[in-house]
1. Expressed as an acute angle from 0 to 90° and rounded to the nearest 10, what is the orientation of the C-alpha long axis of helix 118-128 relative to the principal long axis of the chain?
2. Cα axis of helix 182-199 to longest principal axis of the chain: angle in degrees, 0 to 90, nearest 10?
3. For the chain, with a Gaussian network of springs between Cα atoms less than 10 Å apart, report the residue from GLY105, GLY138, GLY47 with the top mean-square fluctuation.
4. So what J values fall out for segment 215-228 if you push phi through Karplus, 6.51 cos²θ - 1.76 cosθ + 1.60 with θ = phi - 60°, rounded to Hz, Gly and Pro as x?
5. Taking volume of the Cα convex hull per residue in Å³ as the quantity of interest, determine which of [x] 265; [y] 156; [z] 133 was computed from the displayed structure.
6. Relative contact order for segment 136-199: what percent, with Cα pairs under 8 Å and sequence separation of 6 or more?
7. Pick from ARG19, ARG169, ARG70: which is most flexible by mean-square fluctuation in a GNM of the chain where alpha carbon atoms under 10 Å apart are linked?
8. With n ≥ 4 as the cut-off for DSSP H runs, can you work out [θ] at 222 nm for the chain, using -39500 (n - 2.57) per run divided by the number of residues, rounded to the nearest 500?
Amino acid sequence: MESAARRDPVKHERPPESRHVGLIGGLGVGAAVIYYRAIAAALADRGTAPRITIVHAHAPTVLAHVAAGRIDELADYLAGFVAELRGVGTELIAMCAVTPHVVVGPLTKRNSVPIVDMLKVTAQGLHERGFSRIALFGTRFTIETELFGALDAFEVIPPRPQEIDEIHRVYLELATAGRTSAANVEALREIGRAIQRRDRVDAVVLAGTDLNLIFDEASAGFPAFDCASAHISTILDRATPAEQQPMTRPLRVTN
């Protein structure tokens, strides 16, 4: 006798698929994992089957190109990953790091697949929240170029030189090792608090996606704006089919 399960198989409706998202990860690995988890979970919550392809870029190669000012070479290097993602049918692409966005302009011009530009997303998010006087956490290159010139509409207060050295050192450890000591985390918190007290900034921009490995806006301990969270929210909106778009979209990135 056939079992009830065989006579009456459970039918599962296949949810609509998201647009095919291509992520350039490896810059560092921890941030790419945060992006993947957040995007996959949020798309599933919206009743959408995630379609995500990740390629792995080499963070030391990217940082070496930036440090040496080899911007054309960096664009060529990352263009290879963009072409790889285009070749598997991705419909939008995002880089899971801030520093490589120094070449987002050239990459966008030479690529037919839209790239979700974190620099524009960050500037828009800061404007929407009414922030005008800000500081930056991230790599030395991100801080000293004021997010590669993307924040001209804002008053950007630079940390002191020794603070930049410490932020850069801890950030590189996070990006390469995926972790850092509790003492280093507290050192970053103290720098953030000192900048807020001393320079009266509206927020410290977390302009390094690997910072999400240690804290976010809610847990930073100082007023902060999280670039990664804003970037992921925009990726989600562009990846979600119109009929699956939520009325509201609160998102908190967790590691």
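1. Roughly 80 degrees between the two axes.
2. Approximately 60 degrees, to the nearest ten.
3. Looking only at GLY105, GLY138, GLY47, the largest GNM fluctuation is found for GLY105.
4. 6, 9, 4, 6, 10, 5, x, 8, x, 9, 10, 9, 4, 4
5. Identified label for the calculated read-out: [y].
6. Details: 35 pairs, mean separation 20.6, N = 64.
Normalised by residue count, the contact order of segment 136-199 is 32 percent.
7. ARG70
8. Details: 10 runs with 117 residues, N = 255.
One gets -14000 deg cm²/dmol as the mean residue ellipticity at 222 nm.
Bear in mind these aren't lab numbers, they're just calculated from the coordinates by the rules spelled out. As the structure is a computational prediction, the values presented were derived from the model and not from experiment.
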